1. Would you tally the residues in the stretch 209-232 being crowded, with 22+ Cβ neighbours inside 10 Å and away from the ligand (no atom under 14 Å from the Cβ)?
2. Go through (1) outside any strand (DSSP E or B); (2) basic (Lys, Arg); (3) touching a residue at least 24 places away in the same chain (Cβ under 8 Å) for Arg180 and report which single condition fails.
3. Looking at (1) among the charged types (D, E, K, R); (2) buried (at least 17 other Cβ atoms within 10 Å of the Cβ); (3) closer than 30 Å to Gly77 by Cα, can you tell me which one Asp206 breaks?
4. Among the residues of the stretch 17-45, count how many are among the polar types (S, T, N, Q) and away from the ligand (no atom under 16 Å from the Cβ).
5. Would you mention how many residues in the stretch 46-87 are within 16 Å of the ligand (Cβ to nearest atom), of a type in the set (Lys, Arg) and surrounded by fewer than 17 Cβ atoms within 10 Å (Cβ to Cβ)?
6. Within the stretch 43-62, is there a residue that is free of Cβ contacts under 8 Å to residues at least 60 places away in the same chain and out of contact with any helix residue (DSSP H, G or I) (no Cβ under 8 Å at 6 or more places or on another chain)?
7. For the stretch 305-317: of the residues being surrounded by fewer than 24 Cβ atoms within 10 Å (Cβ to Cβ) and not basic (Lys, Arg), which is farthest from the ligand (Cβ to nearest atom)?
8. Which members of the stretch 293-304 meet the condition of being within 13 Å of the ligand (Cβ to nearest atom) and among the small types (Gly, Ala, Ser)?
Amino acid sequence: HRTRVVVVGGGPAGLLTSHLLHRAGIDTVVLDRRTVHEIETTHRAGILEPDSVRLLTETGVYDGGGQRVLTEGDRHGGIFLRFGGRSHHVDFERLVGASVWLYPQTEVFTDLHRARTRDGGDLRYGVADVQVHDVETSPRVTYTDADGSPHEVTAEVVVGADGSRSACRNLVAGNTRYTREYPFAWFGILCEAPKSAPELVYTRSDRGFALISQRTDSVQRMYFQCDPAENPDDWSDDRIWDELQSRVAGEDGFSLAEGPVLDRSVLPFRSFVQTPVRHGRLVLAGDAAHTVPPTGAKGLNLALADVRVLAEVLERALRKEDLDLLDEYADRALARVWKAQHFSYWLTTLLHRAPGAPGGDFDELRQLGELNSLVSSEAGSTYLAEGYTGWPTR
Ligand code: DHB
C-alpha cells in the first residue's frame, strides 16, 4: 500500500493531522496500537484554549448538525485560585478578553474520529508491531493487523504523533532530551456528584495541591497531589473524600459535593522536550515531542497547535517537494512549546507542596507570598490569564 503521509498515532494530534491534510488534498493512513474504545474510555484533560476551539469549529470538523464543542462544552471565563482557606477569582474575560472551554479530550477524539470516518479516512486502530523504517530515504511502516497478518505502507513523510511514550522519537538520530522530574504525581477521580463551584478551583493547601474540575451537571473530575508510587486500590471512596475535603477546607466554609467515585488513577507527571522534532522524512507532533505536567491543561492544546502549523508547512513542503521547508514547523512550534513548558512548570510549583525540601518552611511561605502578589496584582493576574487562555500561534 502506498500513501503520501503515514500518521503513527490516532489520538487527537494524529487525527487532526489527517483531517487537515485531507482538506489540503493529501492522503494519509493513520495507525494506532490502541482500539477506538480504549482511547474513548481513557480519561484525559478537559480544558480547551480558544485557538483549539477555533481549530475544531473552523476547519470543517463538524458539518450541518451543529458544533458539538460549543453546544456540549461549557465556556469558563476564569478560574478560582484557592489558598489560605479562601478562593480568589481570576477573571480571564476582564483581564485578557478571552475564555476557555471545558470540553473533555475524549470528546475531542470522538469528534475528530467521526469527521475522519465521515470523510472516508483510512484509519487502522488495534494494530500491532508498528515499526517505522528508512525515514532518511523512503519511509516504510510495517505492522500486523488484528488477525496477525503483516502489512506495509510506504509514504513520502511519517508523522510521529504516538504520544508521551513515543517510539517514533527514538528514530530521531542525535536528539537532545530536556526533562524535569517532580517528586509528586496526581491522583485523579471521576465521581457522580453535582458541581461544587461554577468554575475550576486550583487549590494550594498545607496538605498539597487539589483541583476541582467538572465534566457534566452530574459527573465531576477532581485531582489531588499524591506520591508517584501511590496505589489507587488503597483508596476507598471515604478516604478520597476526606483527603479532598481537608485540602479545600477553609474559613469561608467551602466544601465539595460528594458522590460515588466512578474511576480512580494516578497520573504521570513530568516536563519533557525532545529536539530536533524532524529527522529526514519523520516529524514529531504533540506529546511525542514534548510532555507537560497536567497543571493548567496545556498538553492537548499544545498538540493541536503543533498540528495546525505542521499541516500548513507539510502541505507546502510536499507541494514544492522540498522537505527542508519542514524546519519552519520546528521553529514556530518550539517557541510556543517552551512558553507552555514554563507556564506548566510555574503553575505546578506555585501550587504544589515539595515534600521534605530543605530550608524549613521557606518554600511554603514564599509560595503564599507569590499567590498573594499574584491575586493582588493586575500584571500578575494578567500573566496567568494570558498563559491559561493560550498564546497566539504565529
Ligand atoms: C482538567 C485537567 C487539568 O490538568 C487542568 O489544569 C484543568 C482541568 C480536567 O481534566 O478537567
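The values are calculated or read from the model by the stated rules, or taken from the named source; none is laboratory data. Note that the structure is predicted; figures quoted are calculated from it, not measured. Here the Cβ is made from the backbone with ideal geometry for all residues, glycine too, and neighbour counts use every protein chain on show.
1. Of the residues in the stretch 209-232, 0 are crowded, with 22+ Cβ neighbours inside 10 Å and away from the ligand (no atom under 14 Å from the Cβ).
2. (1)
3. Evaluating Asp206 over (1) among the charged types (D, E, K, R); (2) buried (at least 17 other Cβ atoms within 10 Å of the Cβ); (3) closer than 30 Å to Gly77 by Cα leaves (2) as the failure.
4. Of the stretch 17-45, the ones among the polar types (S, T, N, Q) are 17-18, 28, 35, 41-42.
Now restrict to residues that are away from the ligand (no atom under 16 Å from the Cβ): 17-18, 28, 35.
So the count comes out to 4.
5. Selection size over the stretch 46-87: 1.
6. yes
7. Selected residue: Ala317.
8. Answer for the stretch 293-304, where residues must be within 13 Å of the ligand (Cβ to nearest atom) and among the small types (Gly, Ala, Ser): Gly296, Ala297, Gly299.
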